[in-house]
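K.L.:
Sharing a structure, written as structure tokens. Questions coming.
The values are calculated or read from the model by the stated rules, or taken from the named source; none is laboratory data. This structure is a prediction, so every number in the text was calculated from the model and none was measured. Ideal geometry is used to build each Cβ from the backbone, glycine not excepted, and the neighbour counts take in all protein chains shown. Protein only, heavy atoms only, side chains kept; ligands, DNA and RNA dropped before computing areas. Shrake-Rupley method; radii C 1.70, N 1.55, O 1.52, S 1.80 Å.
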Amino acid sequence: MDNFNNLIDMDDYTVQQWTEIIELAERIKENPGFYTEACRGKIMATLFYEPSTRTQMSFQAAMLRLGGSLIGFDNPNNSSVAKGENLKDTIKIVSTYADILVMRHNQEGSAKAAALSADCPVINAGDGGHLHPTQTLTDLLTLKCELGRLDNLTVGFCGDLKYGRTVHSLVKALSCFPNNKFVLISTSDLALPSYIKDVLKGRGAEFTEVNTIDEAIKNLDMLYMTRIQRERFDSEDEYLKQRDVYRLTKAKMEYARRDMIVMHPLPRVNEIEVAVDDDPRAAYFRQANNGMYVRMALILYTFTKQPKVKPLLTGEIHNDVICTNPKCVTQTEKYLPHSYVNRGGILVCEYCDERILL
Ligand code: CP
């Protein structure tokens with residue numbers, strides 16, 4: 001049972017609640033001094049099984065700026081994970097030391113798995129190539145600050161739409177606002193997963209798929225560039241085929257509208273030419289800064305909002321059915337119940353959203 005305000009997926013909160021968090025972030029950004037004692041006495045655990053600069057440090061800075069304290073690790077090899085401790089035991093223990101737990105992990109569905117054994121709220125700071133909801137809150141705040149709205153937008157997503165968890169969370173979130181349209185710019189090998197396209201179709205959100213930035217750029221309100229996620233490919237050869245296919249240059253920016261903005265969750269490798277940074281439409285460093293304010297707002301919201309008591313798993317348990325996603329958390333955390341939502345004969349893994357045809 002979920003007795004806490006976990007944030008595993010954006011769906012854990014309503015659109016109205018996202019708006020409340022973003023508005024709180026705007027108030028904090030305007031007057032950060034007002035909030036310096038808001039979390040005095042609270043402890044945040046940051047468990048980063050995967051590398052991070054922005055997410056980890058912005059969460060840590062957020063908690064410190066709210067007057068709270070930190071424990072955690074940024075390299076699991078310096079913890080008892082290196083001795084073979086499973087996720088359940090680590091989370092069970094750390095969540096009794098902390099009041100809120102922020103976790104990044106390489107396995108898809110790991111945040112939900114962590115929430116199953118946690119004794120405090122769990123925030124998903126990225127679970128493999130699956131989801132990254134706090135980046136989405138950052139991105140929504142940035143759109144609000146830069147363009148003044150979250151609806152009536154034409155948004156281009158470019159690059160690694162297959163493994164880019166920030167894209168998965170953001171496209172789903174933006175499809176909840178009226179009249180947003182999406183241009184998906186990728187190679188066929190790195191196209192948006194079909195389960196996310198199905199979400200767009202189900203919500204009646206218009207989207208087109210194209211192969212080049214040039215085809216799309218002139219009609220966009222926002223271009224969301226992404227890094228090709230080298231660490232998610234099955235082989236280096238597969239990665240090398242995709243590397244450098246997309247590169248936003250100063251020359252390409254000439255074709256964009258004067259009021260278009262460029263966003264990127266960062267880190268950048270070489271998909272945006274450094275010369276673009278000087279263009280006032282380059283919003284990605286302002287976006288990273290917004291991440292700290294939105295995480296301050298999320299921490300406060302997590303502590304102050306009355307949680308809805310609801311089951312974390314709502315599907316059917318089929319312990320004889322193994323999820324076909326090799327990156328699913330159930331592959332290694334063998335004790336987890338194999339829980340699936342049955343959608344007309346297709347079982348959807350409740351951890352990683354993989355579809356399994358029976
Ligand atoms: N955007 C983002 O998640 O960056 P980090 O990997 O540096 O945390």
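K.L.:
If the only charges are +1 at each Lys and Arg Cβ and -1 at each Asp and Glu Cβ, what is the size of the charge dipole of the chain around the Cα centre, to the nearest 20 debye? Walk me through the numbers on the way to the answer.
P.N.:
Values: 42 positive and 47 negative charges, 113 e Å.
Roughly 540 debye, rounded to the nearest 20.
K.L.:
Identify, among 267, 164, 200, the residue whose Cα sits farthest towards the positive end of the charge dipole of the stretch 133-288, taking +1 on the Cβ of Lys and Arg and -1 on the Cβ of Asp and Glu, with the dipole about the Cα centre.
P.N.:
The residue sitting most towards the positive pole is 200.
K.L.:
Which of the three applies to the stretch 152-286, rounded, prolate or oblate, going by the alpha-carbon gyration tensor with a ≥ b ≥ c and a/c under 1.5 meaning rounded?
P.N.:
In terms of gyration-tensor shape, oblate.
K.L.:
Calculate the dipole size of the stretch 219-308 relative to its Cα centre from +1 charges on Lys and Arg beta carbons and -1 charges on Asp and Glu beta carbons; express the result in debye to the nearest 20.
P.N.:
480
K.L.:
Could you sort 218, 327 by accessible area so the largest value comes first, with the probe set to 1.4 Å?
P.N.:
So the residues, ranked largest to smallest area, are 218, 327.
K.L.:
Show log10 I(q)/I(0) for the chain at q = 0.06 Å⁻¹, two decimals, from a solvent-free Debye sum over equal Cα scatterers.
P.N.:
With no solvent term, the Cα-only Debye profile gives -0.21.
K.L.:
Given the whole protein assembly as supplied and a 1.4 Å probe, what does the accessible area of residue 14 come to in Å², nearest 10?
P.N.:
The value for residue 14 is about 60 Å².
K.L.:
Moving on to the next point. At 1.4 Å probe size, with every protein chain present, just tell me what the per residue accessible area of the stretch 126-246 comes to in Å².
P.N.:
Heavy-atom accessible area per residue stands at 36 Å².
K.L.:
Related question: With the full set of protein chains in place, find how many percent of the accessible area of the chain is carbon and sulfur; take the probe as 1.4 Å.
P.N.:
On the chain, the fraction of accessible area on carbon and sulfur atoms equals 49 percent.
K.L.:
Full-extension gain between residue 179 and residue 343, please, as 0.36 nm times their residue separation minus the C-alpha to C-alpha distance.
P.N.:
The residue 179-residue 343 span can extend by a further 56.3 nm.
K.L.:
Rounded to two decimal places and with Rh computed the Kirkwood way over Cα pairs, what is Rg over Rh for the stretch 316-357?
P.N.:
0.91
K.L.:
Using Cα-Cα distances under 8 Å and only pairs 6 or more residues apart, what relative contact order does the stretch 264-358 have, in percent? Provide the component values of the computation, followed by the final result.
P.N.:
Values: 81 pairs, mean separation 17.4, N = 95.
Contact order relative to length: 18 percent.
K.L.:
Considering only 284, 224, 195, give the residue with the highest GNM mean-square fluctuation for the chain, with springs between Cα atoms whenever their separation is below 10 Å.
P.N.:
195
K.L.:
Using a 1.4 Å probe, how large is the accessible area of residue 355, given in Å² and rounded to the nearest 10?
P.N.:
100
K.L.:
Using only DSSP helix segments of four residues or longer, with each worth -39500 (n - 2.57), what per-residue ellipticity at 222 nm results for the chain after dividing by its residue count and rounding to 500?
P.N.:
Taken over the chain, the calculation gives -10000 deg cm²/dmol.
K.L.:
Size of the dipole of the stretch 52-123 about the Cα centre, Lys and Arg at +1 and Asp and Glu at -1 on the beta carbon, nothing else charged, in debye to 20?
P.N.:
Around 120 debye, computed over the stretch 52-123.
K.L.:
Sticking with this one: How large is the accessible surface of residue 199 in square angstrom, using a 1.4 angstrom probe and rounding to the nearest 10?
P.N.:
Its heavy atoms expose roughly 40 Å² to the probe.
K.L.:
Could you work out which residue, out of 73, 34, 157, moves most in a Gaussian network model of the chain, that is, has the largest mean-square fluctuation with Cα springs under 10 Å?
P.N.:
The residue that fluctuates most here is 34.
K.L.:
Also: By its C-alpha gyration tensor, with a ≥ b ≥ c as the square roots of the eigenvalues, how is the stretch 169-231 shaped: rounded for a/c under 1.5, else prolate for a/b larger than b/c, else oblate?
P.N.:
Numbers: a/c = 1.69, a/b = 1.20, b/c = 1.40.
Judged from the Cα gyration tensor, the stretch 169-231 comes out oblate (a/c at least 1.5, b/c at or above a/b).
K.L.:
Of 107, 32, 52, which is farthest towards the positive pole of the chain's charge dipole, taken about the Cα centre with +1 and -1 on the beta-carbons of Lys, Arg and Asp, Glu respectively?
P.N.:
32
K.L.:
Can I ask one more? In nm², what is the average projected area of the convex hull enclosing the Cα atoms of the stretch 208-358?
P.N.:
Taking a quarter of the hull surface, the average projection is 13.5 nm².
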